Amino acid sequence: MTTKIIMDTDPGIDDAAALTMAINDPELDLKLITTVAGNVTVDKTTANALKIVNFFGKNDQIPVAGGAVAPLIKPFEDAARIHGESGMPGYDFGDDFGQPLAKTAVEALRDAIMAEDEVTLVPTGSYTNIALLFSQYPEVKSHIKQIVAMGGSISGGNMTSAAEFNVFTDPDAAKIMYNAGVPIVMVGLDVTLKALLTPASQEKLLEMGEAGKMLHDLVTHYNDGDDQDGHPMHDVNTIFYLLHPEAFTTKEMWIDVVTDGPAIGATVGDVRGAYHDGKVNAKVCVDIDAAAFNKWFLEEVAAMNK
Ligand code: RIB
Ligand code: CA
């Protein structure tokens, strides 16, 4: 039995790798990709998602819908310094990679989710589309099995000392998502900064067909981490969690999102369960088997035969 998932993304190099795993793993049934402004503008993140779908010849099976051009309230700031101006530098995907759906991401999400009894939502960019969806179509919540979200941290940020990029980009949307009452697994920096794709793994990709070369070429243009210690493939950890939750240590707690002031975008975990009457709204990933992550990453790519 495959797991039906929808990915909301801002490709972005690590998003591209996460999409690659989701598209190719036989245990996952990727029903829809929606895109959001984040690493780069939404026209680019949408084109990049289409490039990955087209690379694997899935244009007729996996639709892409473009989403929010900006956060709900906070001014938009991209991460082109990390992911390059295009968002996916280093590999030539060609110029003919298909078109997105005519409908918006929110409409596409509503339609795709309501067509299923239960579906898993995997956001790997800011949560603007998710917040708009829950605000406009709250009836979708009962059809969502869980949200496995890359973002946040209970051990310090990567945009400020307090805030991680996806939550920092749209903290108001993150607050809506964490207060929506839908089961959430937080795959934050607490684990994604531990499971670096090592230089040795990076080089092995070159022995793994065109998919391996594509990922290698993207990762070697990725300015998060370095070629000495390795690169954090943040978003890929959501797919690794879905397929191998045993590789993670998790702790349930209430997560609050800070929406103003110098700590804006911080995700504050009630780690002792002392301040929310024992209520929790998230299962937070607090540790990961980094060696298992690298081994799995390479096995996934090797199995693609692309
Ligand atoms: O903080 C890491 C997150 O921000 C990842 O999703 C990466 O793609 C960027 O969007
Ligand atoms: Ca991302």
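The values are calculated or read from the model by the stated rules, or taken from the named source; none is laboratory data. Worth saying up front: this structure is predicted, and the values here are computed from it rather than measured. The area values use the complete protein model at the heavy-atom level, side chains included, leaving out ligands, DNA and RNA. Shrake-Rupley method; radii C 1.70, N 1.55, O 1.52, S 1.80 Å.
One table, with the values for the structure above:
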{"quantity": "The range 191-242 - convex hull of the alpha-carbon atoms, volume per residue in Å³", "calculated": "73"}
{"quantity": "Set Lys213/Lys283; Lys103/Lys141; Lys145/Lys175 screened for pairs whose C-alpha atoms are more than 30 Å apart", "calculated": "Lys213/Lys283"}
{"quantity": "Kirkwood hydrodynamic radius (C-alpha pairs) into Stokes-Einstein, the chain, 37 °C and 0.692 mPa s, D in µm²/s", "calculated": "174"}
{"quantity": "Mean projected area in nm² (Cα convex hull; one quarter of hull surface) for the range 135-287", "calculated": "10.8"}
{"quantity": "Mean separation of Cα contacts under 8 Å, 6 or more apart, over the residue count of the chain: relative contact order %", "calculated": "19"}
{"quantity": "D (Stokes-Einstein, µm²/s), Kirkwood Cα radius, the range 15-63, 1.567 mPa s at 4 °C", "calculated": "117"}
{"quantity": "Relative contact order [Cα under 8 Å, 6+ residues apart], the range 29-161, whole percent", "calculated": "26"}
{"quantity": "DSSP beta bridges in the chain [antiparallel fraction, %, rounded to 5]", "calculated": "35"}
{"quantity": "Value at 222 nm in deg cm²/dmol, rounded to 500, when DSSP H runs of n ≥ 4 in the chain each add -39,500 (n - 2.57)", "calculated": "-9500 deg cm²/dmol"}
{"quantity": "Accessible carbon and sulfur surface of the chain relative to its total accessible area, %, 1.4 Å", "calculated": "51"}
{"quantity": "Residues whose placed amide H lies under 5 Å from that of Ala266, excluding near-sequence neighbours", "calculated": "Val258"}
{"quantity": "Contact order normalised by residue count of the range 179-278, Cα under 8 Å, 6+ apart, percent", "calculated": "21"}
{"quantity": "Among Asp289, Asp224, Asp95, residue whose mean-square fluctuation peaks in a GNM of the chain (springs only between Cα atoms under 10 Å)", "calculated": "Asp95"}
{"quantity": "Binned Cα-Cα distance frequencies in the range 213-306 - 5 Å width, integer %", "calculated": "3, 10, 15, 17, 17, 14, 11, 7, 4, 1, 0"}
{"quantity": "The range 88-163 - convex hull of alpha carbons, volume per residue in Å³", "calculated": "151"}
{"quantity": "Equivalent-ellipsoid semi-axes of the range 29-118, from the Cα gyration tensor, Å, largest first", "calculated": "22, 19, 9"}
{"quantity": "Å² of accessible area per residue within the chain, as computed with a 1.4 Å probe and no ligands counted", "calculated": "39"}
